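A.B. asks: Below: one structure in structure tokens.
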Amino acid sequence: MSQPYIRVARPDDEDGLARLDRAAWSTLHSVQPRPQPPYDPFFSERFGPRDHLVAEFDGRLAGYVRIAYPTSLAVHTHVRQIQGLAVAAEARGAGVGRALVRAAVEHARKAGARRMTLRVLGHNGPARALYESEGFVVEGVLPEELLLDGKYVDDVLMGQAL
């Protein structure tokens, strides 16, 4: 079985990433409404190709992770945050998500970050298990912080020292 190839996104990945992101949308992990046409561009002024690592698996775009500063404050420049992770349905279970998380942590470490954080929905058991297996620990829980599909969901902050 082949391994995912991870690289920094390029501008020409935009259409493929946008399609992957729309196909992977679910209330299991998204707090945004289901995307509707006309679709917003995947890359924006806030998050460009440089803020994404992409996974190629068997020669196809299979996933991405978005790495960003948690805020624009200067006091936060030592921290990076995973602010999006998606894996194509056909690539799930093949180690793509794990490879992306590991690459994100290494990317942040090489950039000089001292901490890596993320927020995950409390009901997203598969994502929480993946993050925990990669060294993230729960650092805080905002109980019933979000209302998704008529149900209150916890917002879980996880992090690790780099």
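The values are calculated or read from the model by the stated rules, or taken from the named source; none is laboratory data. Remember, it's a predicted structure, so these values are computed and weren't measured experimentally. So basically every Cβ, Gly included, is an ideal-geometry build from the backbone, and we count neighbours across all protein chains shown. Side chains are part of the model used for accessible areas, which takes the heavy atoms of the whole protein and leaves out ligands, DNA and RNA. Shrake-Rupley method; radii C 1.70, N 1.55, O 1.52, S 1.80 Å.
A.B. asks: From the square roots a ≥ b ≥ c of the eigenvalues of the alpha-carbon gyration tensor of the stretch 1-121, which class results: rounded (a/c under 1.5), prolate (a/b over b/c), or oblate? Could the numbers behind the result be given before it?
C.D. replies: Details: a/c = 1.60, a/b = 1.20, b/c = 1.33.
Verdict is oblate for the stretch 1-121.
A.B. asks: While we're on this one: Restrict the search to the stretch 20-85; then list the trypsin sites (Lys or Arg not before Pro) that DSSP places in a loop and that have at most 12 other Cβ atoms within 10 Å of their Cβ.
C.D. replies: Numbers: sites: ARG22, ARG46, ARG50, ARG60, ARG66, ARG80; in loops: ARG46.
Of the trypsin sites (Lys or Arg not before Pro), the ones in loops of the stretch 20-85 whose Cβ has at most 12 other Cβ atoms within 10 Å are ARG46.
A.B. asks: Using the Cβ atoms and a cut-off under 13 Å, what net charge is assigned to the surroundings of ASP155, where Lys and Arg are +1 and Asp and Glu are -1?
C.D. replies: Working: positive: ARG119, ARG128; negative: GLU139, GLU144, GLU145, ASP154.
Spelling it out: positives minus negatives among the neighbours equals -2.
A.B. asks: Okay, next question. Tell me, what is the 1.4 Å probe accessible area of VAL65, in Å² to the nearest 10?
C.D. replies: 0
A.B. asks: Moving on to the next point. Within 10 Å of each candidate Cβ there may be at most 15 other Cβ atoms; applying that plus a DSSP loop requirement, which trypsin sites (Lys or Arg not before Pro) in the stretch 104-162 survive? Intermediate results must be reported in sequence, preceding the final value.
C.D. replies: On the way: sites: ARG109, LYS110, ARG114, ARG115, ARG119, ARG128, LYS151; in loops: ARG114.
Loop-located and lightly packed - ARG114.
A.B. asks: Quick one: with all protein chains in place, what share of the accessible area of the chain is carbon or sulfur, to the nearest percent (1.4 Å probe)?
C.D. replies: Values: 4760 of 9310 Å².
In the chain, the share of accessible area belonging to carbon and sulfur is 51 percent.
A.B. asks: Compute the accessible area per residue over the stretch 25-125, keeping the other protein chains in place, probe 1.4 Å, unit Å².
C.D. replies: Accessible area per residue, the stretch 25-125: 55 Å².
A.B. asks: Let me ask something else. Going through the stretch 1-99, which GluC sites (Glu not before Pro) have at most 16 other Cβ atoms within 10 Å and a DSSP loop state? Show your work: numbers first, answer last.
C.D. replies: Values: sites: GLU14, GLU45, GLU56, GLU90; in loops: GLU45.
Sparse-neighbourhood loop GluC sites (Glu not before Pro): GLU45.
A.B. asks: Another one. What is the distance in Å between the Cα centroid of the stretch 110-155 and that of the stretch 30-64?
C.D. replies: Using only Cα atoms, the two centres lie 20 Å from each other.
A.B. asks: Counting alpha carbon pairs within less than 8 Å and at least 6 residues apart, what relative contact order, in whole percent, applies to the stretch 68-162? Before the final figure, lay out the partial values.
C.D. replies: Working: 133 pairs, mean separation 25.6, N = 95.
Averaging sequence separation for qualifying contacts and normalising by length gives 27 percent for the stretch 68-162.
A.B. asks: Would you work out the relative contact order for the stretch 1-120, in percent, from Cα pairs under 8 angstrom that are 6 or more residues apart? Before the final figure, lay out each step's value.
C.D. replies: Working: 179 pairs, mean separation 33.5, N = 120.
The value is 28 percent.
A.B. asks: Using the charge dipole of the stretch 20-162 (Lys, Arg: +1 at Cβ; Asp, Glu: -1 at Cβ; taken about the Cα centre), state which of GLY84, LEU148, ALA104 has its Cα farthest towards the positive end.
C.D. replies: Highest projection toward the positive end goes to ALA104.
A.B. asks: When the helix-only estimate is applied to the chain (DSSP H runs of n ≥ 4, each -39,500 (n - 2.57), divided by the residue count), what is the mean residue ellipticity at 222 nm, nearest 500 deg cm²/dmol? Walk me through the intermediate numbers first.
C.D. replies: Details: 3 runs with 35 residues, N = 162.
Computed mean residue ellipticity for the chain: -6500 deg cm²/dmol.
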